[in-house]
Amino acid sequence: MDNPFTVTTPEGMSAEDVVQLFVPVFSDFPKIPRPGHVFLHGPRGSGKSMMFRYLQPDCQCLANKKVLKDLPFYSIYVPVKNTYLNLTELRRLEDQHGSTVLNEHFMTMFIADKTFDFLAKQSFLKSDEIVLDNTKKFATEIFLNLLKDCGWTEEDEYSFETTTVQSCFETISDICNRLYKQILTYLKQLSFRVDAVTYSGPLCGYLDFLYPLFCELKKLPFMPDGVIYLLIDDADNLNLTQTKVLNSWVASRTSSNVSIKISTQFQYKTYRTITNHTIDTPHDYAEVNISTIYTASRKDMYRERVGNIINKRLTLAKINATHEEFFPPDEKQEKKIREIEKEILKNWDKEGRGSRPGDDVTRYARPDYMKSLAGTRKSSYNYSYAGFNQLVNISSGIVRHFLEAAALMYGEVQARAGGKPIRYIPPAIQTKVIRSLSDDFFFLEFEKKQEDQDIEETEKDSFKALRNLIEALGGTFRHILLSDRSERRVFSIAFSDSPSEEIQNVLKLGQRLGYFHVSAIGNKEGTGRTQLYVLSRMLAPHYNLDPNSFAGYLFVTSDRIYEALHKPATLLRRIGKDGLAQTFEEPRQLIMFEMGEGE
């Protein structure tokens, strides 16, 4: 590999490459490889597509050293992004008669085509007499009959007189592909017509075609006895009608034979079915949120996973170093922080704040060092974000953040190395690259939306409000880091009242774009739970924050966050002038921002 950290789209990777690079993470997400409908939520780059690719039968056979028949399940991968499923012309049918059945037929044929096209390309399927005979019977007695029951009338144009299993599946795939393209032709006709155009082809659905077809497919002699997994990747890109159709499939509770696994980027349009009923967890499906698991309850597990991923890539590149050796910290900086730690331990009996000396070391050593650099903006910028542990924390539970940074670091060292072997990434280059990526993470997304002429002004306003909120929180957290408060490592907020719809929408936008992760903590009154909004640690270098620990959070009121959405500079100027306590005091002497201990 020219660059061992290059990020590759899983869809285009061979089974060999996937098995070599993939680190099994299903102990963290046990619901995914088990039977049952599952929604898998996570921002771009969190590893959803890689998980789905690894679950495909070619990867499973290779990874487990088993033949197809002996696998516990059979997965069918269905990518939605960059396909005709999200065709613009389909939006014209949203409120028209027949929209639901046409969209369901379109989805059904797309999935069937993907299913049999994959099987047609598998050289490991042996065409012995028994297997071939069973496959032909499946094609003629099951597949064709199900199609005819749905209105298909072109049986005479196709023949299954073949000598290989692969060519039999290829013919099935051709039929499904032709029916799929028939819808595309129909939609193109709609684009140039004002009046209605009659559709005269078959109409296949999940319960009358796809589900019984999969149940019979399982019976073929080379197929596993377990459940078929239908892996719908990037389901946010389905239109509203298709989303309701998919929810109806989930509601049908067919998971004992066909389990549907759906990945989203927090933009899934609805959880209602075509009959306007909602699907509910845990009765209809289970949910997995990668961000919540890796940024809240299993941070150490995430660090271990990233370490394993990096070690695999270093081994493939024949680099004799561990992940921590390859990304060393700035030793000069770490030495100064260790000196501060010793000083804290030495004075703990007289000046200690925590219940144990180690608590104060964790809380104050690094923030005190960062505070010592804060004499000028330039010296603040001298803080080094190098070191594997810091880079993992900054990646905020999203593996791609780490890999993209590592790839850029490696590329820069490679350009300077003159062909010499690369044994590690110097701390200065680590910090330079991660600071640049942090700035880009903040600026580029907003600049892109500001220049986009196709989005509505209301959407542009939401992006502006989100940018203002991040600016206000980043600046506030920086003030807290440099303050004398008991807990200075803050990256999160929770509401002590009910946020308005506008605030909730902005926070949802932030979650979708990866600027916030959502968790839960006990509420201020101790009577229940409230949502915790964690700012992405990718922004730590941009705001000169400590990315290493996030025990503290702020309880906030919605009126202060409303001000942050619209007047962030005013809010930050007041903090700088009057201090944190004065700025956030209510006339009734209630603290509007109250510090709490993290869970």
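Being at pLDDT 95 or above and either touching a Lys or Arg at 6+ places or on another chain (Cβ under 8 Å) or not assigned by TED's automatic domain parsing to the domain that holds Pro33 (or both) is true for just one of Leu230, Leu210, Leu240. Which residue is that?
Leu230
Tell me yes or no: at least one residue of the stretch 11-21 is surrounded by fewer than 22 Cβ atoms within 10 Å (Cβ to Cβ), within 16 Å of the chain's Cα centre (by Cα) and assigned to a helix (DSSP H, G or I).
Yes - at least one qualifying residue is present in the stretch 11-21.
For a quick check of your reading of the model, give me the residue pairs whose first member lies in the stretch 104-117 and is farther than 13 Å from Leu238 by Cα and touching a residue at least 12 places away in the same chain (Cβ under 8 Å), whose second is β-branched (Val, Ile, Thr) and part of a helix (DSSP H, G or I), with beta-carbon atoms closer than 8 Å and at least 6 apart or on different chains.
His105/Ile183; Met109/Ile183; Ala112/Ile172; Phe116/Ile172
For the stretch 454-479, which positions are more than 15 Å from Arg573 (Cβ to Cβ), in contact with a helix residue (DSSP H, G or I) (Cβ under 8 Å, 6 or more places away or on another chain) and among the hydroxyl-bearing types (Ser, Thr, Tyr)?
Listed by number, the list holds a single entry, Ser462.
Can you pull out the residues in the stretch 22-67 that are surrounded by fewer than 19 Cβ atoms within 10 Å (Cβ to Cβ) and part of a helix (DSSP H, G or I)?
Correct list: Leu62, Ala63, Asn64.
If I ask for residues that are part of a helix (DSSP H, G or I) and either farther than 16 Å from His41 by Cα or within 18 Å of the chain's Cα centre (by Cα) (or both), which ones from the stretch 218-245 would you list? Working first, answer last.
Looking only at the stretch 218-245, we keep the residues that are part of a helix (DSSP H, G or I), and these are 235-237, 240-245.
Residues satisfying the conditions are Ala235, Asp236, Asn237, Leu240, Thr241, Gln242, Lys244, Val245.
Which pairs turn up if I take residues in the stretch 526-545 that are modelled with pLDDT under 90 and look for partners that are of a type in the set (D, E, K, R) and assigned to a loop (DSSP other than H, G, I, E, B) with beta carbon separation below 8 Å, at least 6 apart in sequence or on another chain?
Listed by first residue and then by second, the contacts come to Thr530/Lys524.
Are there any pairs, at least 6 apart or on different chains, whose C-beta atoms fall under 7 Å, with the first in the stretch 552-571 and crowded, with 22+ Cβ neighbours inside 10 Å and the second of a type in the set (Phe, Trp, Tyr), and if so, which?
Listed pairs, sorted by first residue: Leu554/Phe593; Val556/Phe495; Val556/Phe593.
Determine, yes or no, whether Leu572 is modelled with pLDDT of 80 or more and either within 26 Å of the chain's Cα centre (by Cα) or not assigned by TED's automatic domain parsing to the domain that holds Ser263 (or both).
yes
The values are calculated or read from the model by the stated rules, or taken from the named source; none is laboratory data. It should be emphasised that the depicted structure is a prediction, and the values quoted were computed from it without experimental measurement. Note that each Cβ is placed from the backbone with ideal geometry, even for glycine, and that neighbours are counted across all protein chains shown.
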